[in-house]
1. Above 32 angstrom, tally the Cα pairs of the protein assembly as shown and express them as a % of all pairs, no decimals.
2. Partner chain Cβ atoms within 10 Å, averaged over the residues of A:144-153 - can you pull that number for me?
3. Calculate how large, on average over all directions, the projected area of the Cα convex hull of the range A:127-168 is; give the answer in nm² to one decimal.
4. Please report the net charge: other residues with Cβ closer than 10 Å to the Cβ of A:Ala161, K and R +1, D and E -1.
5. Please report Rg (one decimal) and Dmax (integer) in Å for the Cα set of the range A:11-125.
6. With N denoting the number of residues in the range A:83-192, provide Rg(C-alpha) divided by 2.2 N^0.38 Å, to two decimal places.
7. Which whole-number percent is the relative contact order of chain A (Cα, under 8 Å, 6+ apart)?
Amino acid sequence: MLAVLGGFVAGLLRAWYNGRVFAIPDLRTVWLVFVAFIPQWIVFYLPLTRRLASDEVAAAALLVSQTLLLIFAWFNRQLFAFWVLGLGLLLNLCVISLNGGLMPISPETLSKMGIDLAAHALQVGERFGGSKDVLLPPAQTRFVWLSDRFLLPGWFPYSVAFSLGDILIAVGAFWLLWASGGSKISQASLSH
Amino acid sequence: MKSQLFNISIKTGRINQQQVRAILALGTLILFVLGAGAPADHGH
């Protein structure tokens, strides 16, 4: 979300500097994103239902939702940014589907985030709170290098772990918004 | 005078249309990023 905010501000400033209108290119099958997000909204974001969803339901909702989002990215592949966004999503979907339907995170990473595992009474293979993550040691994780294993610097006021796929998604979102405020030439380079 | 008002209304309509399209595209991108990403934060 920081990438979206940063890209939006950067794109607006760029548009203002170039004397142009900030214009995000037309996206195809926008409705698909809204449909795809509904299962995740119910299982991960809506406080009423978040705690009620079992790990199996959460995993199924995530897999279905991300598959639909991948189809949306494919429909919009005429925009270069969606190749980056789609690749990031594909990497996340790969590691999620190979590890039972949720994003693996190691006990070490959670400890580095300042989370007391004992206090949360977390067991291996259990979903971390109401999140998309499942607690798995690296030895039990398939494609561990695609899991949530990167952390923001210690001076950052917010503690968050993210994956290689998340990095690509952030880059793709920033790129799309930055290019939306660019010159005629760079706006033409949005598509390829 | 009449044509000036007509031109202004056309221009305003275009700006509103651009704004609506930008907001819709931005909302779509936010939902895509939220749905495609899987970071773990301390809030959970």
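Just so you know, all these numbers are worked out from the coordinates, no wet-lab data involved. Please read these numbers as outputs of a predicted model, since none were measured by experiment. Neighbour counts are summed over all protein chains in view; Cβ atoms, including those assigned to glycine, are modelled from backbone coordinates with ideal geometry.
1. The proportion of pairs with Cα distances above 32 Å equals 27 percent.
2. 1
3. Dividing the Cα hull surface by four gives the mean projection, 3.7 nm².
4. That works out to -2.
5. For the range A:11-125, the Cα-based Rg and Dmax read 18.3, 56 Å.
6. After normalising by residue count via 2.2 N^0.38 Å, the value is 1.28.
7. Worked out over chain A, it gives 33 percent.
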